[in-house]
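Have a look at the structure below, then the notes.
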Amino acid sequence: MGSDSVSGVERRRLLGWGGGLAAAGVVAAGGSLAGARPGHAASAPRRSDIPPDTKPGGAYDRYVAKLAAEGKFSGVVMLSYRGRTVLSRSYGMADKEKKVPNGENIAFSLSSAGKPFHAVAILQLAQEGKLQLSDTVGAHLKGYAKEIAEKVTIHHMLTGTSGMKTPDEDVRRVFQSQKEVHEFYEQWARQATPEAPPGTPSSHSGAEVAIPAQIIEAVTGMTYWDYVQENIFKRCGMTGSGFYTRPQWLSDEHIAHPYMALADGSHVDAVRNLDKGSPDPYVLGKNPGRAFIDAPGDGGFATAPDLVRFARALGDGTLLDRHYAELFTGPKIPLAPEGGGGLARRASARRTASRRTVPADASFGAYQMPISLIGGQWLWSRAGANPGVGANWSIYPDTGWVGAILVNADGAPLWEIVEQETRAVTGRR
């Protein structure tokens, strides 16, 4: 991320990426600028800078509208350019029973799209000198196998190269309290075993998420949920985001309910109907309503404007100093260049012969997220999905674009929507 020019795109350094994004505000629902830096005015983007496909009525807008009309999309999509909203569309219902529509003020479950929050938290503590990325698990925690405690580092876990294997979760368990969730995942992570030497890519080991969260707690004396709320969400002005509990999910009209598809094709509110689901026990257990609160290190809820605020805060020094922000998004390990950002690790089963992916020049693993070069531009992105839940946020740092996709019903082709967003922003075909 130097200052050279690639394909006509000026490669700005992360601090203030996006040609003034650091000085720009985020357009809130009421039209006012929120979160602008003192003494800096948000400059309006020139119309010539906005690709036609990203505009209202453009190809991306029409594509999502068609999905919604066909009953294949319920949620929110947003595109922001240099801190200003270019496109914001909401479809479907956040809560059908209470007749609450989806909108910019609705928080959606992020699933794995929330995993990078724990990487940011770790880097904040490293920046403050409270830990080092080369620290082993045993430097902060007890009760782990010797091979893990003495050889697996924080860096290994953030890059998904710990070589650890975690036992299967008890997917049918219904939690009743935050304490129960915390104790379960603490004990579960301690059952991790070395499967391969550290530095070896792991098979989506859950311990790589749970253990960094425990380290954050050991270093700060706070729960993971409280630390992220205070040091990420609050710093960014993400007032609609949080780690909500099941009772909050049921009572707060600003939280989208996930509508999970059953075997007969009907949809059920996964929060209100804990005893219903797919005959497949894995899918049944992944019913998000079965959790009381997201596991430490994972998940969370956010609105689309809050995800834009998070993206902006990565670039203006709010969350991390420049060098640590560059460390967060810097390429660590090569990945197959299957597609951009959140698409880089998708399963081959999701491909179809009739759909072309957005070609990536190269893809890499960063800290808890994949990144790609597409047409000479960096794309940082993270996706997450569970029954009734889909989420993806994408940052295009070379041009100042941010995209958010939030879904609360099964049937939405999340990967295709991400591809259409990338095509619209980059102009890549």
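The values are calculated or read from the model by the stated rules, or taken from the named source; none is laboratory data. Treat the numbers as computed from the prediction; the structure is a model and nothing was measured. FYI the Cβ positions are ideal-geometry reconstructions off the backbone, even for glycines, and counts take in every protein chain you see. The area values use the complete protein model at the heavy-atom level, side chains included, leaving out ligands, DNA and RNA. Shrake-Rupley method; radii C 1.70, N 1.55, O 1.52, S 1.80 Å.
Filtering Pro331, Pro305 for residues that are at pLDDT 95 or above and surrounded by fewer than 21 Cβ atoms within 10 Å (Cβ to Cβ) leaves a single hit, Pro331. Each residue in segment 413-424 was checked for being closer than 19 Å to Ala304 by Cβ, out of contact with any Lys or Arg (no Cβ under 6 Å at 6 or more places or on another chain) and open to solvent by 10 Å² or more (accessible area, probe 1.4 Å), and 4 pass. Please indicate, with yes or no, whether at least one residue in segment 191-203 is of a type outside the set (A, V, I, L, M, F, W, C), in contact with a strand residue (DSSP E or B) (Cβ under 9 Å, 6 or more places away or on another chain) and exposed (fewer than 14 other Cβ atoms within 10 Å of the Cβ). The answer is yes, given that some residue of segment 191-203 is of a type outside the set (A, V, I, L, M, F, W, C), in contact with a strand residue (DSSP E or B) (Cβ under 9 Å, 6 or more places away or on another chain) and exposed (fewer than 14 other Cβ atoms within 10 Å of the Cβ).
Go through the residues of segment 251-259 one by one and say whether even a single one is in contact with a helix residue (DSSP H, G or I) (Cβ under 6 Å, 6 or more places away or on another chain) and modelled with pLDDT of 95 or more. So far as segment 251-259 goes, yes, one or more of its residues are in contact with a helix residue (DSSP H, G or I) (Cβ under 6 Å, 6 or more places away or on another chain) and modelled with pLDDT of 95 or more.
The helices (runs of 4 or more DSSP H) found wholly in segment 177-245 and carrying at least 3 residues that are closer than 15 Å to Ala119 by Cβ occupy 207-220, 224-228. Selection of first residues in segment 401-429 that are small (Gly, Ala, Ser) and of second residues that are open to solvent by less than 20 Å² (accessible area, probe 1.4 Å) and in a helix (DSSP H, G or I), restricted to Cβ pairs under 7 Å at least 6 apart or on distinct chains, gives the following pairs, ordered by first then second residue: Gly403/Glu421; Gly403/Val425; Ala404/Ala304; Ala404/Leu307; Ala404/Val308; Ala412/Leu67; Ala424/Thr54; Ala424/Tyr60.
Of all residues in segment 107-155, those that are at positive phi and within 25 Å of the chain's Cα centre (by Cα) total 1. Residues in segment 159-212 that are under 21 Å from the mean Cα position of the chain (by Cα) and of a type in the set (Asp, Glu): Glu208 only.
Going by the structure shown, is Ala42 at pLDDT below 95 and surrounded by fewer than 22 Cβ atoms within 10 Å (Cβ to Cβ)? Judged against the criteria, Ala42 is a match. Taken together, the residues in segment 246-273 that are surrounded by fewer than 23 Cβ atoms within 10 Å (Cβ to Cβ) and assigned to a loop (DSSP other than H, G, I, E, B) amount to 10. Would you point out which residue out of Ala113, Ala107 is closer than 19 Å to Val402 by Cα, in contact with a His (Cβ under 8 Å, 6 or more places away or on another chain) and in contact (Cβ under 8 Å) with a residue 60 or more places away in the chain? Unique residue meeting the criteria: Ala107. For segment 62-78, the condition of being more than 21 Å from Gly388 (Cα to Cα) and open to solvent by 10 Å² or more (accessible area, probe 1.4 Å) holds for at least one residue. Those strands (runs of 3 or more DSSP E) of segment 362-406 in which at least 1 residues are among the aromatic types (Phe, Trp, Tyr) and more than 21 Å from Gly83 (Cβ to Cβ), considering only elements entirely within it, cover 362-365. If the condition is being within 13 Å of the chain's Cα centre (by Cα) and of a type in the set (S, T, N, Q), then segment 387-414 contributes Asn392, Ser394. I need a count of the residues in segment 145-165 that are over 24 Å from Pro334 (Cβ atoms) and either open to solvent by 10 Å² or more (accessible area, probe 1.4 Å) or in contact with a Cys (Cβ under 9 Å, 6 or more places away or on another chain) (or both). Matching residues across segment 145-165 total 5. As a summary of the residue check, Tyr185 satisfies the conditions (1) surrounded by 18 or more Cβ atoms within 10 Å (Cβ to Cβ); (2) over 25 Å from Ile293 (Cα atoms); (3) of a type in the set (Ser, Thr, Tyr) except for the one numbered (2). Does segment 83-101 contain any residue that is in contact with a strand residue (DSSP E or B) (Cβ under 9 Å, 6 or more places away or on another chain), within 17 Å of Ala404 (Cα to Cα) and at pLDDT below 95? For segment 83-101, residues in contact with a strand residue (DSSP E or B) (Cβ under 9 Å, 6 or more places away or on another chain), within 17 Å of Ala404 (Cα to Cα) and at pLDDT below 95: present.
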